[in-house]
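Contents: one structure, followed by commentary.
Every read-out reported here was derived from the displayed coordinates using simple, explicitly stated rules and does not represent laboratory data. Treat the numbers as computed from the prediction; the structure is a model and nothing was measured. In this analysis, Cβ positions are derived from the backbone assuming ideal geometry, glycine residues included, and neighbour counts consider all displayed protein chains.
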Amino acid sequence: MTASHPAVDAELLIDTIPNGLIVLDSGCRIRRWNKAMVDITGYSEQDIIGKPCSILEFCDPETKERLNSEQQCLSDGQPDKARLKEIECTLQTKSGDTVPVRKIGRVIQNGEGESIGILEILTDLRPIRELEQKILAIQSQNAQGGLERLVGESHAMHEVYNRICLAGNSDVTVLIEGETGTGKELVAEAIHLQGDRKNKPLIKVNCSALTESLLESELFGHVKGAFTGAIKDKVGRIELAEGGTLFLDEIGDISPLIQLKLLRVLQDHEYERVGESTPRKANVRFIAATHRDLKQRITEGMFREDFYYRIRVFSIAVPPIRNHKEDIPLLCNSFMQRLNTSTGKHITHLSHATNHCLMDYCWPGNVRELENAIEHAFVTCGGNCIEADDLPLEIRSPQQRAAECQQSGKVMPPAPLTPLTQENLINTLQACNWNQSESARQLNIDRTTVWRKMKQWKIQPPTHK
């Protein structure tokens, strides 16, 4: 005795298919319409049954031609010729939107071999197109040598990008650590833009710029009459950041009282305005940054250990520029493009001597100091090439560079010179009227190297008649 199996409902199977399914009769009118097609187009089965398939406006000419061809083949009794290849096209939804789809069709025949209609199977390509756009955006950022507004292709910066992407995929509290001028605020922006809160506010607070009482009011807000001068209610930054991200810059400078109040927000997601006893809910993602050694601040009794571990759930260390000086040319190009736009100048490159000065410096002020140096050069540069003399004195002078780095305690071993390229050598020779000795001095290399490279690259001075 064999076990009987219940019959499977064909209608249920059709509606379970994740792809869109349309059945057309020999007049190309819609006779069957599954649930996936309702989801794709917004048309219910009642809206669409009996309507011609042209209501979907398969809008590319090739598709219209194929539909006409299908109908003609069926009318002529040539079903084999009506078999469609898989094609990509678009259709129009009930709301008027255009949806990209992949479509394949097959002729339906009855038991006598007569063609009685067409089966169309459609795949919604919108998720694929969205993914392609994301990939293109990432490729574009990589081609520009950075992520969001960050610039750099070094291994050190790629480590930062990886950490940013990991942080962006969660709501975890992040502590960004790094020296002054390394771009911690840009890292915070990138984390916010990589996450699900990117369409909500990113509110920034510089904690070192405010006294304890002012910072408390700025963060939590206050009610009218809470203190002298509180003439009306004030919305705090936490409330302004609702649903988004609150970036607390220089978190190492806040007082133990503010640390305690923020600790409650981080733990319980609640806070109170100054002068108010009613707790408010906070749906906020916290990102903090500091240039200080917070563990040292804990030892000194200036920073709460419990608060430290609460804000440092996930950390990102932004490297000083002296540890990824190979990114200096990319950063300079980025600054020059921006300054060319804002000043109307057309400065295109740096001289070899300028590159040497930039690569030989320890940059105690990091990227911010480098940007300021290029802005300084834009003031003094009269051509399209930034020369060493256009740089600030502490950068262009070897003695000043050494003194500045020694004083800051950030001495950097001498950096290798920018590699000599064929284009750079030709440009220098032309600028020096093909004087090899002067070209060697400009390039900071030996004269024999100039002669050898000219021979290797078959560089010949112009002949004068």
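Treating only the Cβ atoms of Lys and Arg (+1) and Asp and Glu (-1) as charged, compute the dipole magnitude of the range 322-418 about its Cα centre; round to the nearest 20 debye. It would help to have the intermediate numbers written out before the result.
Working: 8 positive and 11 negative charges, 28 e Å.
Using only the charged Cβ atoms, the result is roughly 140 debye.
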Checklist outcome for this item: Summing +1 per Lys or Arg and -1 per Asp or Glu among the other residues with Cβ less than 15 Å from Leu202's Cβ gives 0
Checklist outcome for this item: Given a Förster distance of 51 Å, the FRET efficiency implied by the Cβ-Cβ spacing of Thr98 and Thr228, rounded to the nearest 0.05, works out to 0.25
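Given N residues in the range 152-319, what is Rg(Cα) / (2.2 N^0.38 Å)?
On the way: Rg = 16.0 Å, N = 168, 2.2 N^0.38 = 15.4 Å.
That works out to 1.04 for the range 152-319.
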Checklist entry - Which of the aspartates and glutamates could be linked to Lys458 by a straight reach, that is with a Cα gap under 18 Å, when you skip same-chain ones fewer than 8 residues away? => result Glu423
Checklist entry - Using the beta-carbon distance between Thr348 and Gln399 and R0 = 25 Å, what value does 1/(1 + (r/R0)^6) give for FRET efficiency, to the nearest 0.05? => result 0.25
Item to check | trypsin sites (Lys or Arg not before Pro) lying in DSSP loop within the range 160-200, provided at most 15 other Cβ fall within 10 Å | outcome: Lys198
Checklist entry - When all alpha-carbon pairs of the range 223-277 are counted, what percent fall beyond 15 Å? => result 59 percent
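Report the net charge of residues surrounding Leu263, where surrounding means a beta-carbon distance below 13 angstrom and charges are Lys +1, Arg +1, Asp -1, Glu -1.
Working: positive: Lys261, Arg264, Arg304, Arg310, Arg312; negative: Asp268, Glu270, Glu305, Asp306.
So the environment of Leu263 carries a net charge of +1.
I need His192, His376, His346 ordered by Cβ neighbour count within 10 Å, fewest first.
Working: His192 24, His376 16, His346 9.
Going from least to most buried by this count: His346, His376, His192.
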Item to check | Alpha carbon centroid spacing (whole Å) that separates the range 305-346 from the range 357-385 | outcome: 14 Å
Checklist entry - With charges only on Cβ, +1 for K and R and -1 for D and E, what is the dipole size of the range 420-465 about its Cα centre, in debye, rounded to 20? => result 200 debye
Checklist entry - Whole-Hz Karplus ³J(HN,Hα) for the range 281-292, in order, using 6.51 cos²θ - 1.76 cosθ + 1.60 and θ = phi - 60°, x for Gly and Pro? => result 7, 10, 9, 9, 9, 9, 10, 10, 9, 7, 9, 8
Checklist entry - Hey, got the dipole for the range 240-337? About the Cα centre, +1 on K and R Cβ, -1 on D and E Cβ, debye to the nearest 20? => result 100 debye
Item to check | Rounded D (µm²/s) - the range 420-465, Kirkwood Rh over Cα pairs, Stokes-Einstein at 20 °C, 1.002 mPa s | outcome: 205 µm²/s
Next on the checklist: Give me the one-decimal nm value for the distance between modelled label points at Arg106 and Arg126, 7 Å along each residue's Cα-to-Cβ direction.
Outcome noted: 2.7 nm
Checklist outcome for this item: Percent antiparallel among DSSP beta bridges confined to the range 198-303, nearest 5, equals 25 percent
Checklist entry - Under a plain spin-label model, where a point goes 7 Å from the Cα along Cα-to-Cβ, how far apart in nm are Asp268 and Ile87? => result 6.6 nm
Next on the checklist: Just to be sure I understand the model, the point goes 7 Å from the Cα along the line to the Cβ. What's the resulting Glu57 to Lys453 distance in nm?
Outcome noted: 6.1 nm
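Which entries of Lys184/Lys234; Lys204/Lys410; Lys35/Lys198; Lys51/Lys94 show an alpha-carbon separation above 21 angstrom in the structure shown?
Details: Lys184/Lys234 28 Å; Lys204/Lys410 29 Å; Lys35/Lys198 33 Å; Lys51/Lys94 13 Å.
Among Lys184/Lys234; Lys204/Lys410; Lys35/Lys198; Lys51/Lys94, the Cα-Cα distance tops 21 Å for Lys184/Lys234; Lys204/Lys410; Lys35/Lys198.
With Rg and the Kirkwood Rh both taken from Cα atoms, where does Rg over Rh land for the range 322-418? Write down the numbers at each step before the final one.
On the way: Rg = 12.7 Å, Rh = 13.4 Å.
On the Cα set of the range 322-418, Rg over Rh gives 0.95.
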Checklist entry - Residues with amide H under 5 Å of Ala288's amide H, sequence separation 5 or more or different chain, H placed in the peptide plane at 1.01 Å from N; which? => result Val174, Leu175, Ile176, Leu248
